[in-house]
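One structure is given below, encoded as structure tokens.
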Ligand SMILES: NC(=O)CC[C@H](N)C(=O)O
């Protein structure tokens, strides 16, 4: 399985993302610059965190117009796994690949620390290696992680089981219903504010994020590897 790690001007978690999938997971990975014309050769698309285009206007608002986003939309429509972490999640929201919007943290402060997450849905291609309601430790690092959507959208997210991760205990940013990560209706585009790529090795303080990447590969193998 080969991953593309999309790099925008201002991305700053691309190296962590690459390290997570290449070195810790043992999958193939390549950096792909924002002006790329095609993502056809990749099986999975990763949008890392950072401050794409300086977070001007709103975080993710400029990045969504970059060349590569047409290809990300194409990959999502083709059913490939697309994961957006932090700024990557914000880009997916701005691009309309996920519903809702991101507001500034209710404290109006940038928060960087480890938080507890609950795996609210473990029946997705990104979370199948976790137990249902498993509590995991994953770092956050954001100023705009206060997820918001209107009532009708929230009802739909709940009905379809699209809320994959919630904050457990303290909600660090004021997000609606403690939402930390959501998936699209089709089940192949996940956005989350916490950084699983920063929790892939006990030496880094924890490895709870690794199962997310393992889930993606597991699903891909089941779909692509033909038993002889
Ligand atoms: N780590 C990140 O991706 C930061 C995301 C975004 N720029 C914010 O502050 O909310």
*Just the number, please: percent antiparallel of the DSSP beta bridges in the chain, rounded to the nearest 5.*
60 percent
*asked:* Can you give me the distance in nm between label points at residue 74 and residue 41, each placed 7 Å from the Cα along the Cα-to-Cβ direction?
replied: 1.4 nm
*Let me have the relative contact order for the chain, percent, based on Cα pairs under 8 Å that are six or more residues apart.*
20 percent
*Calculate the length of the line joining the C-alpha centroid of segment 60-100 to that of segment 137-153, in whole Å.*
16 Å
*asked:* I'd like to compare 194-201, 111-118, 97-104: which one has the highest average count of other Cβ atoms within 10 Å, and what's the full order after that?
replied: 194-201, 97-104, 111-118
*Would you work out if segment 112-165 is rounded, prolate or oblate? Take a ≥ b ≥ c from the square roots of the eigenvalues of the alpha-carbon gyration tensor; rounded if a/c is under 1.5, else prolate when a/b is larger than b/c, oblate otherwise.*
oblate
*Using all Cα-Cα distances in segment 83-228, what percent lands in each 10 angstrom bin from 0 up to the longest?*
12, 44, 34, 8, 2, 0
*Ranked by how many other beta carbons lie within 10 Å on average, peptides 11-21, 168-178 from highest*: 11-21, 168-178
*Put a dot 7 Å past each Cα toward the Cβ at residue 204 and residue 160; how far apart are the dots in nm?*
3.0 nm
_Three-way shape label, segment 165-226, alpha-carbon gyration tensor, a/c 1.5_ = oblate
*Just the number, please: Stokes-Einstein D of segment 134-181 in µm²/s, Kirkwood Rh from C-alpha pairs, 20 °C, 1.002 mPa s.*
185 µm²/s
*Taking 0.36 nm per intervening residue step and subtracting the Cα-Cα distance, what contour gain separates residue 170 from residue 65 on full extension?*
34.3 nm
*Based on the Cβ-Cβ distance of residue 106 and residue 57, what FRET efficiency does E = 1/(1 + (r/R0)^6) give at R0 = 22 Å, to the nearest 0.05?*
0.60
*asked:* Using helices alone, I'd like the mean residue ellipticity at 222 nm for the chain: each DSSP H run of four-plus residues gives -39500 (n - 2.57), total over residue count, nearest 500.
replied: -6500 deg cm²/dmol
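Every read-out reported here was derived from the displayed coordinates using simple, explicitly stated rules and does not represent laboratory data. Values in this document were obtained by computation on a predicted structure and should not be read as measured data. Backbone-built Cβ (ideal geometry, glycine too); neighbour counts: all protein chains shown.
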